[in-house]
1. If the chain between ALA166 and TRP27 were fully stretched, how many nm would it gain, using 0.36 nm times the residue separation less the Cα-Cα distance?
2. Starting with the highest mean, order 54-65, 6-17 by the number of other Cβ atoms within 10 Å, averaged over the residues of each peptide.
3. For the chain, which whole percent of the accessible surface, found with a 1.4 angstrom probe, sits on carbon and sulfur atoms?
4. Relative to the first principal axis of the alpha-carbon coordinates of the chain, what is the inclination of helix 82-97, with its axis defined by its Cα atoms, in degrees from 0 to 90 and to the nearest 10?
5. Once you put a point 7 Å from the Cα of ALA8 and another 7 Å from the Cα of ARG187, both along the Cβ direction, what distance in nm separates them?
6. P(r) tail for the range 4-211, what percent of Cα pairs lie past 29 Å?
7. Rolling a 1.4 angstrom probe over the protein heavy atoms, how many square angstrom per residue are accessible across the chain?
8. Grab the beta carbon distance between ARG122 and ALA155, set R0 = 30 Å, and tell me the FRET efficiency rounded to 0.05.
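The values are calculated or read from the model by the stated rules, or taken from the named source; none is laboratory data. The shown structure was predicted, so the numbers you read here are calculated from the model rather than taken from an experiment. All Cβ positions, even for glycine, are placed from backbone atoms using ideal geometry, and neighbour counts span all protein chains on display. Quick note on the areas: whole protein, heavy atoms, side chains included, nothing else; ligands and nucleic acids left out. Shrake-Rupley method; radii C 1.70, N 1.55, O 1.52, S 1.80 Å.
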Amino acid sequence: MTSTIDTAALHDWISRFATAMTEKREWLTELDSAIGDADHGANMARGMAAVVEKLSGGAPDTIDDLLKGVGMTLVSSVGGASGPLYGTFFLRMGVTAGAVATLDGAGLAAALRAGLDGIVARGKPAAGDKTMYDAMAPAVDALDSALADGTDLGAALGGAADAAAAGRDATLPLVARKGRASYLGERSAGHLDPGAASTAILFETLAAAAQGAD
Ligand code: ADP
Ligand code: MG
């Protein structure tokens, strides 16, 4: 049973996400080479390596310090669209979490929702535009409804990860309306969105960290 998540578990999330971005770098780049400029894997791996480097100097005690630091590092180390978008996500998430060392399910869901709202404020994506939003919005919605049904936080995050993966897969037939992929028009259909792919990994690693998976 998991009913709360603390700074150490969220730090573990960030570490897992960084490892996965290095491991999936080639795949994310391949996805971006089909409908973008072939740098999403490099952008995410570089940004998260900078985050790990910064955190190696000492882990913050509070969730806001941890997540705001992640966000600021991503904004300053990633040049592509994804840097400011993921950076804003983590910054807003940290601000909403506040100077606490533990969040319950509702607190974590509110922080994730604020992060999603930050991406919307920054990039103006809507559902079906074929962006990271198409993986993140269903994940945050799934988390809210599972928690409202009384589902344990670990299981609810597992459901959120499944929703993110389904959202990623649903970007395949879409025609991109935001970002570089939109320059391709109809030719963007038939390819997964790279940002939706990295976002599905973001939620998969969050569920794994919350559940203390190996
Ligand atoms: P760039 O497009 O600058 O090369 P990346 O390749 O790192 O940056 O990231 C591309 C991803 O960013 C896309 O796959 C998409 O998910 C996301 N993205 C791009 N523009 C937007 C936007 N306006 N709103 C939301 N997400 C976006
Ligand atoms: Mg790119």
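1. Gain in length upon complete extension: 48.3 nm.
2. Working: 54-65: 14.6, 6-17: 19.6.
Going from most to least packed, we get 6-17, 54-65.
3. Working: 4690 of 8840 Å².
It is 53 percent, rounded to a whole number.
4. That works out to roughly 20 degrees.
5. 5.2 nm
6. Details: 3588 of 21528 pairs.
Here the long-distance tail beyond 29 Å is 17 percent of all Cα pairs in the range 4-211.
7. Details: 8840 Å² over 214 residues.
On a per-residue basis, the chain sits at 41 Å².
8. Values: r = 31 Å, r/R0 = 1.03.
So the FRET efficiency works out to roughly 0.45.
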